[in-house]
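Single-structure report; data block below.
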């Protein structure tokens, strides 16, 4: 097709379909326009074929056609950005070959890391010192190209008098996990974007971790050898024509007027909570309390920034501990579908750097670059960590700051940075002994530091206890699902739930009423007063950390109803959930009371009391009998004070390990 014919066709097509949009873009000083490829195909098959085969020529022809139109504002070229490219032009990064060069293609990918926006020279003018002739050179390579010879015959250095600059940015993409085969490792590719694709709004779409649809032209980049020559091998780069996001967080999810009306109508339903809970994981039988907690987590509380700069998080964190085969992993997988934005990982396959952030040497972006981990990539979304107990203590320690302060600080190489991760975490863990033992503390049963366990707002214990009625219902439910895959359809479909959650988080910021405050205060004071014992051995049923968790859950309950006021019923729902969890993980069987120390320190008030008895007896015997005395004398005295011989042996063994006591000879004991 002749160039003149191409320009004429473009002018005809744009005047017919996009004239009003072009006027609007010119008025706003936006020098780009989104064009539907499907409309071009319906207008002219020949033109559509030319765009796929020679995209750069067609983009230039479209710019000339737009330049010939009578548009207001500056006469800058308006670039055409294509979307809705046919499926035949979709390609996986691993499938790109030399035959795909200079063609328009599209792919699904995940952004891994990103460079800075920098000015780039696209054309430069040089003046000849001898005759004053001006030579214009297009800059297509990385190295600035200068003229070699002037028409007057002069060779050598020329004076640069003008250069045309555009904004350019490089980032690295890799294949999306759903496009990978069996054991394939995701392939990476460098991408270069220019002009409007580097604007602040467009930059948000290409933040590390974003899933995107990338439309672009595959190009060659020469590789220079250390000797100064050029390699016979070439590198491949994609020059981006358009970038669209496929996985947005709740702030980016668009809701039209019709969907808004459906959301508002649903919020008035008296059975809203029941319907939401049933739709969260319809293929998992029972666990209604757990589903309710996970549902409130998706809505989240309100993030508060105080005048002194202190920020209180609004995101809640949930830990599921339970027996094998209790549907923990299945619940996490389902949540990754319902949440507007999510990242799923497992403890065995995750490291501290993979969860938080790492510094890597990058050839394309030059120098050291920061690569965000799963917690940062799930910013304003949900991070799901399965098999948390399989993670090493060194790696799990990287989560402390991310869970409470919601930031990840890193000081490595020449990078000192603090990344924000407003992320809710749902983690699942299995007990060390196979099944959960209510007589042992949580810290004794899972391989995690107590300080990390304490950062979770709700800790659910999922126990598999044989019960004839429950077992019969569960068996019938599971078998009916295998017989008919549509047997457990959600009352509210997944897309509607995502939109409902996004709408609530975008628009609803509830304030807690005085009645709700009174309800929470009364519960806290009542629980604190219910502790048993005296002095330092008194049980502490609840701490201020749980009180903050209650506030977050109260606000989330109000958001669930799309209410700007969190009232007494929201406070009661929050209290009900927290109380349910505390009775599972902080109940001391020996005293019959709640003891939060079982969770926060791993040592209950009863154990602390026994340790105190043994220490006091040690001091008494040292004062009475001297430095060394017989172990059986100590055991006799402490057993008379209510400590069993086994408990005394356990405490003494711990004291030996910590270096408080030692055995100079068998059967004798000495305090250090």
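Taken together, the values in this text are just the output of simple stated rules run on the coordinates, not laboratory data. Everything numeric in this text was worked out from a predicted model, so none of it was measured. No Cβ is skipped: glycine too gets one built from the backbone with ideal geometry, and neighbour counts run over all protein chains shown.
Miscellaneous remarks
- Between residue 220 and residue 289, the contour length at 0.36 nm per residue exceeds the Cα-Cα span by 19.2 nm.
- Our summary gives segment 104-242 a relative contact order of 30 percent, counting only alpha carbon pairs under 8 angstrom and 6 or more residues apart.
- Taking label positions 7 Å along the Cα-Cβ direction at both residue 157 and residue 393, the computed distance is 6.6 nm, reported to one decimal.
- For residue 91 and residue 521, the FRET efficiency from 1/(1 + (r/R0)^6), where r spans their Cβ atoms and R0 equals 60 Å, is about 0.50.
- Convex hull volume of the C-alpha atoms in segment 104-242, normalised per residue: 151 Å³.
- Here 27, 205, 666 are placed in order of increasing Cβ neighbour count within 10 Å, fewest first, which gives 666, 27, 205.
- Those residues of segment 616-647 whose amide nitrogen sits under 13 Å from the label point placed on residue 663, 7 Å along Cα→Cβ: 630-632
- Here each label is just a point 7 Å from Cα along the line to Cβ, and for residue 41 and residue 27 those points are 3.3 nm apart.
- Length added when fully stretched, residue 417-residue 269, from 0.36 nm per residue minus Cα-Cα: 48.6 nm
- Calculated SAXS-style log₁₀ I(q)/I(0) at q = 0.14, 0.16, 0.17 Å⁻¹ - segment 30-126, Debye, Cα scatterers: -0.73, -0.92, -1.01
- Using a simple spin-label model with pseudo-atoms 7 Å out from Cα toward Cβ, residue 433 and residue 480 lie 3.7 nm apart.
- Sorting 391, 655 from the fewest to the most surrounding beta carbons within 10 angstrom yields 655, 391.
- Extension gain, residue 306 back to residue 653 (0.36 nm per residue minus Cα-Cα distance, nm): 120.2 nm
- Three-way shape label, segment 605-671, alpha-carbon gyration tensor, a/c 1.5: prolate
- In segment 3-84, inverting the average of 1/r over every pair of distinct C-alpha atoms gives 12.6 Å as the Kirkwood radius.
- Order of 259, 268 under a 10 Å beta carbon neighbour criterion, fewest first: 268, 259
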